[in-house]
Number of protein chains: 4
Amino acid sequence: MIIVVRPGATKDQVQQILEKLDQCHLKAHVSEGSERLIIGVIGDKSRLAPGALELLPAVEKLVPIMESYKLASRAFRPEGTSFEIKGISVGADELTMMAGPCAVESEEQVDQVASVVSSCGARFLRGGAYKPRTTPYSFQGLEKEGLKILRRVADRYNLLVISEITSENDIDYASEYVDVIQIGARNAQNFRLLSAVGKSKIPVMLKRGIAETIDEWLGSVEYVMSEGNYKIIMCERGIRTFETSTRSTLDISAIPVLKAKTHLPVIVDPSHASGKAQYVRSLSLAAIAAGADGLIVEVHPNPMCALSDAAQQITPKDYQALSKEIASIARIINRKYPD
Amino acid sequence: MIIVVRPGATKDQVQQILEKLDQCHLKAHVSEGSERLIIGVIGDKSRLAPGALELLPAVEKLVPIMESYKLASRAFRPEGTSFEIKGISVGADELTMMAGPCAVESEEQVDQVASVVSSCGARFLRGGAYKPRTTPYSFQGLEKEGLKILRRVADRYNLLVISEITSENDIDYASEYVDVIQIGARNAQNFRLLSAVGKSKIPVMLKRGIAETIDEWLGSVEYVMSEGNYKIIMCERGIRTFETSTRSTLDISAIPVLKAKTHLPVIVDPSHASGKAQYVRSLSLAAIAAGADGLIVEVHPNPMCALSDAAQQITPKDYQALSKEIASIARIINRKYPD
Amino acid sequence: MIIVVRPGATKDQVQQILEKLDQCHLKAHVSEGSERLIIGVIGDKSRLAPGALELLPAVEKLVPIMESYKLASRAFRPEGTSFEIKGISVGADELTMMAGPCAVESEEQVDQVASVVSSCGARFLRGGAYKPRTTPYSFQGLEKEGLKILRRVADRYNLLVISEITSENDIDYASEYVDVIQIGARNAQNFRLLSAVGKSKIPVMLKRGIAETIDEWLGSVEYVMSEGNYKIIMCERGIRTFETSTRSTLDISAIPVLKAKTHLPVIVDPSHASGKAQYVRSLSLAAIAAGADGLIVEVHPNPMCALSDAAQQITPKDYQALSKEIASIARIINRKYPD
Amino acid sequence: MIIVVRPGATKDQVQQILEKLDQCHLKAHVSEGSERLIIGVIGDKSRLAPGALELLPAVEKLVPIMESYKLASRAFRPEGTSFEIKGISVGADELTMMAGPCAVESEEQVDQVASVVSSCGARFLRGGAYKPRTTPYSFQGLEKEGLKILRRVADRYNLLVISEITSENDIDYASEYVDVIQIGARNAQNFRLLSAVGKSKIPVMLKRGIAETIDEWLGSVEYVMSEGNYKIIMCERGIRTFETSTRSTLDISAIPVLKAKTHLPVIVDPSHASGKAQYVRSLSLAAIAAGADGLIVEVHPNPMCALSDAAQQITPKDYQALSKEIASIARIINRKYPD
């Protein structure tokens, strides 16, 4: 950390900074610039309360040098992370394709989707059982019954199950049925849930919060990793901006930025990002071309009759067509598309 | 809801819309504009899956007419809501002043603050016991012990206690010690927590999510109200924007907007909004002048030694000075400042 | 346009709305919903001052049905627009590749770039002569001399010239040297400049304003088109959001959204969007995969010595490698890459 | 400026940085931290191209220490700036009240407003003659005739005139009729216009761009000041955010932030910020309470018949009531309200 000293600060005021640092067992490294006095701070900064130095009259500003995340940082594993979930590898050469309906509505509905997507590359079956809805009057999901349906159908087609939970109290139950727990955008900074999922050691997909910076998102990842759970997939699903022609704005740049900042696999959710089925194809191709490790796509046998987010779900037929194009792009950028 | 029909849609395609509405027992009201065909939809729209109509080829766009919240709407109680908590009224003429340290650190620390703020208008003692921090390596709060300290000190000075909880599992415990449960910005759309707090019937202060629109925030309020808990205080604490000279951007307009949209009391948190003690005075005066029903201000006996958010906490002495100015502004806009 | 009437409005208040419409020679179409009274408005709405109806006590809200742009709308030319500039077609099957340095610094510098990029698909040479810089103390461009250099070098390699102008007073001069005038993000709503460029009839590339919605951007396009200039290229270059790890956030979704809303060609500027050379490749591939009609990329023979925006310029060698990957992606999505 | 060196950088790579600095005649100050090597850079950084250092492999990030504006900085005039325009002082104890219609429509209309606002504290008459409208099909203003009307009416009531111009070509003409030139939000980074206004030496009010950070805004101010024009009023008029219940989000915190960062007077435009007359009172009181040096308020004799922005204009009667409340608040915060 670097302290920039206010011009005109008195010697006594500068001394006050040095004493404060000394109290906290931090070393100071003073250097006289042409326009400002600069103090480099060396040692364990966690001894300083966040914000404490800013209150000293001589402090113009503080400049952090280090990120606040460690385990999530690229430096921790420069070669990148890949891991296996029941024999399916994530983060390696092969793209990770996840597909399924927004919400689990019935075994028949899920089966219709699974039979198609499993035949064209998807290895994970998604489906919402606990649905966080912006109004209490909307369909809230089949909950436990939904998880059971997902498991039965997934087993039928040799798929793994990913599903969202919204409370630490559901982890034990969910872990009997799902292979990857999803933490949704609205719980992206629900640190209690993150810690609990960290302790559980179940693989987790952590969506970006709707207004979370990439650094804050890596801070959320750190909550899970610091509990010893390293099987984490990051999922970019769009951020909130002023633009309203899509539900969120897919931050496509987050893909190369994350590749530079962290070692973890990154996948993209084009369905929630756009909120509109007609844009899913473009965003999917873009995500893979930009270097994403996979996609999670909402597919419904009959979107018009869906009980939630109908407008953003594509048909199994569209998914088939999309998977062919993705496979072609994968080849160009030296990724494998699952057979 | 109104359906705008795409120009060039065929009769069959329009018929398809009408049939879909009929299936859902909704009445259609077709009207020919100069440039577009418009279909008004009458009846209970919850029968339609969100997004389903958008998928029909003839639908250009849907226009909602009604908000998705009902109990939170101004129309539900046009005269406004005020309620009492242990004899202290909120939302009435008298401003509601809440103050206390960011985090509870020790009984002595809390006492030093409480002794001052209780003598200049504060009726609620705030203090964080469960701290949601962006990194797992920061001070996480004294938890249960923190709540006990708050209670003891509050009783000593005849104050009520408000404190944040971050999990539905803490409600029972917390409700033994606190008078108002605070739901923080990061849990603003943690619907499980909102429902649980709704069932508990304890008064709740619901902060705005960092990127929550006012309508979404009222949707969060609806989650609490729909469980039968009507004692809700809304707390504007700044939203995320591109501007970085303050931590968040206080949405001062939210005050008159909420006064028009909802009947609930609205208070403002200038400390979290700005993140800097030096701006707390300006934002506090502005909030009261704009019509807020009160403030929640962070006060620390020695901000420089605070264990969290040091930079945004003001001293008891500053709070005294601030309270005098607020009392003067209160008079001008016909509000009472608590003696 | 649709008027939603406030619940509880009196008959007289509703009558007031109808009279106001009648005064403006607009027809009203009243329909009783289950929860609200709705008034459809038919006729030429330009007779109403924007905002006038909102002031009537019975008006809850107004809902526009039509976009405010006409010539820019997809409906105006459903088949899409392509046009030729000196024999080079834009908006057709072949991708439009533009490349060159951020700022023109010397003839040698421009030549080094042009010799490479012209040999791998670029048809347009870009280069800033008038540089809008955020501080008056930065290099402001070679101005007229810069345009002359661009022209000479472009002619040498059979390229067309695109360059930004920042004042209506420069159009005449610039049009002697450039084939396409670029309007930059900071002038995206400089309507005087837009009108003047419209009158000039020179092909124009209009960048999106840094916080311009897609609909507002189409409004800016309409300014140019309404003066009779239809040769317009739209250029997505990133929008301002809360995320700071890239300079702007490339709105990749804008590509399919624009393809639905307008008939005009759309290209992408990955250099300004990211602000960092290391991300240019990912964003370029993503843009083409998402359906963009081309790219404008900053290339400098020696980025480290550049006089402006050094960090975002790639080397001629990197451009060569990039062009091969783009050509491969083009094939998959049925676009031609220029030989 | 400080250079943070990437962990694992080789000695040669660090040497490369030092050589680059040496070439640019900059001094380097290397210091070894516990986790990173840090290089302080001393000297005139304008010799370095922006971005050049970031391209060196050993550079992790650059940290600017100084702002890019100088004349606009508080340090340049710690005591604050106030100046007189034809005997009316701006930025001193007395609040600066500006009022008038959104657009000049007729002499009668302007007179009706001026007669009232001049009698309750306004010293400046505002009115749009050149209107930047988002669509070319809207009323564009009376232009030159509008300026003449403003002048005649202003002289009648002993008011000064402020009006927006949108092109450098209008400065000479406008300066015959107006006392303060307004640069609007859409031209906030039209640097050609800013320089031209700087050269003109006419007092200027510079509105904040819709997505301009405070630091960028001060960069725009610097363009004007660096040409020798120091009579500048800054006008906060709301920024673009995700919230849509107001047209823009008034950044109330900008007031105390600007008071810390610059010496220039700051006024607030509650009319454009909110876009709705019903919120103008709250925002006006908040702005003054927060420390603004004045207000610019849109007032129309008959808002419902206004030719532009009808919804945000208040009536002369409302302005009278508002001015009384402002005068009361002014007293509390030790400002004078003009008699």
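The values are calculated or read from the model by the stated rules, or taken from the named source; none is laboratory data. Predicted, not measured: the structure shown is a model, and the values here were computed from it. Cβ: placed from backbone, ideal geometry, glycine included. Neighbour counts: every protein chain shown. Note: areas computed on protein heavy atoms with side chains; ligands, DNA, RNA excluded. Shrake-Rupley method; radii C 1.70, N 1.55, O 1.52, S 1.80 Å.
A few notes on this one:
- Residue within segment B:247-260 that is under 29 Å from C:Thr244 (Cα atoms), within 14 Å of chain A (Cβ to nearest Cβ) and open to solvent by 10 Å² or more (accessible area, probe 1.4 Å) present: yes
- Restricting the search to strands (runs of 3 or more DSSP E) fully inside segment A:1-116 and requiring at least 2 residues that are under 36 Å from the mean Cα position of the chain (by Cα) gives A:2-5, A:37-42, A:59-63, A:83-85, A:88-90, A:96-100.
- Tally, over segment D:70-82, of residues that are within 11 Å of chain C (Cβ to nearest Cβ) and either closer than 25 Å to D:Leu295 by Cβ or at pLDDT below 85 (or both): 1
- For segment D:261-279, filtering for residues that are farther than 20 Å from B:Glu243 by Cα and within 9 Å of another protein chain (Cβ to nearest Cβ) leaves 5.
- Output for segment B:49-65, where each listed residue is in contact with a Gly (Cβ under 9 Å, 6 or more places away or on another chain) and open to solvent by 60 Å² or more (accessible area, probe 1.4 Å): none
- Residue within segment A:281-299 that is hydroxyl-bearing (Ser, Thr, Tyr), open to solvent by 10 Å² or more (accessible area, probe 1.4 Å) and touching a Pro at 6+ places or on another chain (Cβ under 7 Å) present: yes
- Some residue of segment A:177-196 being away from chain B (no Cβ under 14 Å) and open to solvent by 20 Å² or more (accessible area, probe 1.4 Å): yes
- The set of residues in segment B:29-48 being among the β-branched types (Val, Ile, Thr), open to solvent by 30 Å² or more (accessible area, probe 1.4 Å) and at pLDDT 80 or above consists of B:Val30 alone.
- Close pairs (6 angstrom Cβ cut-off, 6 or more residues apart or separate chains): under 24 Å from C:Lys199 (Cα atoms) in segment D:136-151, at pLDDT below 90 anywhere: D:Phe139/D:Leu307; D:Phe139/D:Ser308; D:Gln140/D:Lys131; D:Gly141/D:Lys131
Matching residues to (1) in contact with a His (Cβ under 9 Å, 6 or more places away or on another chain); (2) closer than 20 Å to B:Pro136 by Cβ:
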{"site": "A:Tyr177", "(1), (2)": "no, no"}
{"site": "A:Gln189", "(1), (2)": "no, yes"}
{"site": "A:Ser195", "(1), (2)": "no, yes"}
{"site": "A:Lys207", "(1), (2)": "yes, yes"}
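- Contacts under 6 angstrom Cβ, first residue in segment B:281-295 being free of Cβ contacts under 8 Å to residues at least 40 places away in the same chain, partner buried (at least 24 other Cβ atoms within 10 Å of the Cβ) and part of a loop (DSSP other than H, G, I, E, B), 6 or more apart: B:Ser282/D:Ala290; B:Leu283/B:Leu250; B:Ala286/B:Ile252; B:Ala286/D:Ile252; B:Ala286/D:Ala290; B:Ala290/B:Ile252
- Residues within segment C:49-83 that are more than 26 Å from D:Arg247 (Cα to Cα) and among the aromatic types (Phe, Trp, Tyr), tallied: 2
- Any hit, segment C:130-145, residues being away from chain D (no Cβ under 14 Å), basic (Lys, Arg) and not in a helix (DSSP H, G or I): no
Condition check ((1) modelled with pLDDT under 95; (2) more than 29 Å from B:Glu67 (Cα to Cα)) across all residues:
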| site | (1), (2) |
| --- | --- |
| B:Met225 | no, no |
| B:Ser253 | no, no |
| B:Pro256 | no, no |
| B:Ser282 | no, yes |
| B:Asp309 | yes, yes |
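- Residues that are more than 22 Å from A:Arg123 (Cβ to Cβ) and more than 22 Å from the chain's Cα centre (by Cα), drawn from segment A:270-307: A:Gln278, A:Asn302, A:Pro303, A:Met304, A:Cys305, A:Ala306, A:Leu307
- Residues located in segment C:225-246, provided they are free of Cβ contacts under 8 Å to residues at least 40 places away in the same chain and within 30 Å of B:Arg247 (Cβ to Cβ): C:Gly238, C:Ile239, C:Arg240, C:Thr241, C:Phe242, C:Glu243, C:Thr244, C:Ser245, C:Thr246
- Any hit, segment D:83-101, residues being crowded, with 16+ Cβ neighbours inside 10 Å, acidic (Asp, Glu) and farther than 21 Å from D:Gly294 by Cβ: no
- B:Gly121 free of Cβ contacts under 8 Å to residues at least 40 places away in the same chain, touching a Pro at 6+ places or on another chain (Cβ under 7 Å) and assigned by TED's automatic domain parsing to the domain that holds B:Val153: no
- Yes/no for C:Arg123 being at pLDDT 95 or above, under 24 Å from C:Lys324 (Cα atoms) and open to solvent by 20 Å² or more (accessible area, probe 1.4 Å): yes
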